[in-house]
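Undergrad: My structure is below; once you've seen it, I'll send some questions.
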């Protein structure tokens, strides 16, 4: 038997569809009958509805957001190898073992998450940004043009709802600057009896400056953390998700300098 043309629509009461543990997830399910004709409705499928509900039917739902015994809730996160997602799913069972189902994702935030992975009591925890000829000579860039840059990151322990902020000043540079950028990196790790695996991927790249910027000028920077592709740092079973920020200086002749800063994302 051909399935009836019925559409299930799930909507949440909160506009941002965001909930926290022990809160009630509430919303409504709407059943829309897409069949044509007055008599081609639910009667042929053995579904009994009141006359006023034959065209559209709405049902309220409510359930408490809590983990099963022995488990814990983790913030919503969309990565490459690790994905944490939550959905509300409804199934409408019809005769002859037929059914129609629909699901809708909602977002979960966990208060104080990420704090168990902080190894310092200092917050905020500023970090220095420093590029000078002596530092470059310690690496492989022996023929690098003379460049001196100084600044700071306000904290490498970051509240995920706040901006990532800091400031820098290009004190001296023999070459011309093409671009200065901030790159947000996620690091996903898997470790079990079969071995370990780690991969870093870019989440977003923000250009702070373009062109040969003025020397001796203090330049602030700001970066927001994307809602779905970042989350408080966490470890769950064999999975670990962490984050890093790269401060990148690119010169016109192609030379690139990258300073790497592991960061800890936490929530209040």
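Undergrad: Hey, what did the stretch 144-268 get for relative contact order, percent, Cα under 8 Å, at least 6 apart? Please list the in-between numbers first.
TA: Details: 280 pairs, mean separation 41.0, N = 125.
It rounds to 33 percent for the stretch 144-268.
Undergrad: Also, quick follow-up: Only Cα pairs within less than 10 Å get springs; with that Gaussian network setup on the chain, which residue of 161, 16, 111 has the largest fluctuation?
TA: Result for the chain, Cα springs under 10 Å: 16 fluctuates most.
Undergrad: Return the tail of the calculated pair distribution for the stretch 61-143, meaning the percent of Cα-Cα pairs more than 19 Å apart.
TA: Working: 2352 of 3403 pairs.
In whole percent, the share of Cα-Cα pairs in the stretch 61-143 beyond 19 Å is 69.
Undergrad: Can you tell me which of 64-70, 22-28 comes out highest on packing, and rank the rest after it, using the mean Cβ neighbours within 10 Å?
TA: Numbers: 64-70: 9.0, 22-28: 14.0.
My ranking of the peptides, most packed first, is 22-28, 64-70.
Undergrad: For the stretch 115-266, I need the span (max minus min coordinate) of the C-alpha atoms along each principal axis, in Å, sorted largest to smallest.
TA: Reported extents, whole Å, longest axis first: 50, 33, 27.
Undergrad: Determine the relative contact order of the chain: mean sequence separation of Cα pairs under 8 Å and six or more apart, normalised by residue count, in whole percent.
TA: On the way: 547 pairs, mean separation 44.8, N = 268.
The value is 17 percent.
Undergrad: Highest mean first, how do 178-188, 116-126 rank when packing is the count of other Cβ atoms within 10 Å averaged over residues?
TA: Working: 178-188: 18.8, 116-126: 11.5.
Descending packing order for the listed peptides: 178-188, 116-126.
Undergrad: For the stretch 183-268, what percent of Cα pairs sit more than 18 Å apart?
TA: On the way: 1988 of 3655 pairs.
Considering the stretch 183-268, 54 percent of its Cα-Cα pairs are separated by more than 18 Å.
Undergrad: Counting just the Cα atoms, what span does the chain cover along each of its three principal axes? Round to the nearest Å and put the largest first.
TA: Reported extents, whole Å, longest axis first: 83, 42, 35.
Coordinate-derived values only; no laboratory data. Just so it is clear, the model here is predicted, and its values are computed rather than measured. Reconstructed Cβ throughout: ideal geometry from the backbone, glycine too, with neighbour counts over all protein chains shown.
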